[in-house]
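The values are calculated or read from the model by the stated rules, or taken from the named source; none is laboratory data. Since we're looking at a predicted model, the values are computed, not measured. Counting neighbours? That spans all protein chains shown, and the Cβs are built from the backbone with ideal geometry, glycine included. Ligands, DNA and RNA are excluded from the accessible area calculation, which covers all protein heavy atoms including side chains. Shrake-Rupley method; radii C 1.70, N 1.55, O 1.52, S 1.80 Å.
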Amino acid sequence: MARKLSKNVAKARAQVENRPYALHDAVTLLQKVKFVKFDETVDLTLRLGVDPKHADQMVRGTVVLPHGLGKSKRVAVITSGDRLKEAQAAGAEFVGGDDLVEKIQKESWTDFDALIATPDMMKSVGRLGKVLGPRGLMPNPKTGTVTNDVAAAVKEIKAGKVEFRTDKTALVHVPVGKLSFTPDKLVDNATTVINSVVRAKPSAAKGKYIRGITLSSTMGPGVPLDNAVADLAAKG
């Protein structure tokens, strides 16, 4: 099975020419070379001209994809009082206060895709750093996951809100949908992400900001995108 899989991977990679692609062409190529039965996630990877070792060059933000991600995220909310009901009414799968904090801490439980907390609960949530931090689930005011408006935060995440941030190698990885989406929807989502990353450019960043962009699917090859995609975003 592994040999067959690697053979298919090699075959798919062989169909990617050694040149940059227009965004729409990259999407249709990934759909053409698909060889697995499940609906793959499409990811955008941006290589940035920043130094993540410096706090003033970190790139981080959130963006709501116009066509969502193709799946509903499971949202947990840690809050108190009337906001418990607000979070439930907004569609959060898991809602609680100190009881939910204790469950996460004692069981290392993270059966959710996003965690929202109100400011009054952050003292308790702060104890969960070891469990939530490595999984990228720690609530943060910069990404809108520490807020008193829990209903709006839940609805945004359900609508396709995604977070982006540079890793240690100055790369940003962001999911932009499923391979079963129409090409136009994937192009819209990807363009929205690129625009958001461009707008998040730190003032301390010098030289060329976006050094390269690659589109890929879970099992598919990476397809390099034309710099015109980034240049267009920079003008937008």
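If you model the chain as an ellipsoid using its alpha carbon gyration tensor, with each semi-axis the square root of five times an eigenvalue, the axes come out at 34, 22, 17 Å, biggest first. Given the options GLY207, GLY136, GLY160, which has the most mean-square fluctuation in a GNM of the chain, springs set between C-alpha atoms less than 10 angstrom apart? Comparing GLY207, GLY136, GLY160 in a Gaussian network model of the chain, the most mobile one is GLY207.
Only the Cβ atoms of Lys and Arg (+1) and of Asp and Glu (-1) were treated as charged; on that basis the dipole of the chain about its Cα centre amounts to roughly 880 debye.
Distance between the pseudo-spin-label points of SER6 and PHE38 (7 Å out from Cα toward the beta carbon): 2.1 nm.
Taking only the C-alpha atoms of the stretch 115-219, Rg followed by Dmax gives 16.1, 45 Å. Protein heavy-atom surface of the chain, 1.4 angstrom probe: 51% of the accessible area is carbon and sulfur, with nucleic acids and ligands not counted. MET122 contributes about 50 Å² of solvent-accessible surface, heavy atoms of the protein only, 1.4 Å probe.
Over the stretch 126-236, accessible surface divided per residue gives 48 Å², non-protein components excluded, 1.4 Å probe.
Each Lys and Arg contributes +1 and each Asp and Glu -1, all at the Cβ; summed about the Cα centre of the stretch 163-217, the dipole is approximately 300 debye. The label-point distance for GLN88 and ALA55, in a model that sets each label 7 Å from Cα toward Cβ, rounds to 4.0 nm. At a probe radius of 1.4 angstrom, the accessible area of the stretch 53-103 per residue rounds to 54 square angstrom.
For the set ARG199, ARG74, ARG165, the ranking by accessible area, highest first and with no ligand, DNA or RNA atoms included, is ARG199, ARG165, ARG74 under a 1.4 Å probe. Annotation for the stretch 1-102: GluC sites (Glu not before Pro) lying in DSSP loop with at most 12 further Cβ atoms inside 10 Å of their Cβ are GLU17. Label point of ARG127 set 7 angstrom out along Cα-Cβ; within the stretch 72-101, amide nitrogens under 17 Å from it belong to 78-80, 96-101. For the stretch 22-58, the set of trypsin sites (Lys or Arg not before Pro) satisfying both a DSSP loop assignment and a count of at most 15 other C-beta atoms within 10 Å is given as LYS37, LYS53. Only Cα sites of the stretch 7-84 enter the Debye sum here, all with the same form factor; the resulting log10 I(q)/I(0) across q = 0.19 1/Å is -1.09, listed in q order.
When each full DSSP H helix of the chain is screened for a Cα extent of at least 15 Å along its own axis and an average Kyte-Doolittle hydropathy of at least 0.5, the helices passing are 23-33. Expressed as a fraction of 2.2 N^0.38 Å, the C-alpha radius of gyration for the stretch 1-140 is 1.43. The residue list ALA90, VAL131, ALA76 was ranked by how far each Cα lies along the charge dipole of the chain toward its positive end, using unit charges on Cβ atoms, and VAL131 comes out on top. For the chain, what does -39500 (n - 2.57) per DSSP helix run (n ≥ 4), summed and divided by total residues, give at 222 nm, in deg cm²/dmol to the nearest 500? It comes out at -10500 deg cm²/dmol, rounded to the nearest 500.
Once both labels are positioned 7 Å from their Cα atoms along Cα-to-Cβ, the gap between LYS142 and ASP184 label points is 3.7 nm. The chymotrypsin sites (Phe, Trp or Tyr not before Pro) of the stretch 1-98 that meet both conditions, a loop assignment by DSSP and at most 15 other Cβ atoms within 10 Å of the site Cβ, are PHE35, PHE38.
Per-residue SASA remark: ARG19, around 100 Å² accessible (1.4 Å probe; ligands, DNA and RNA not included).
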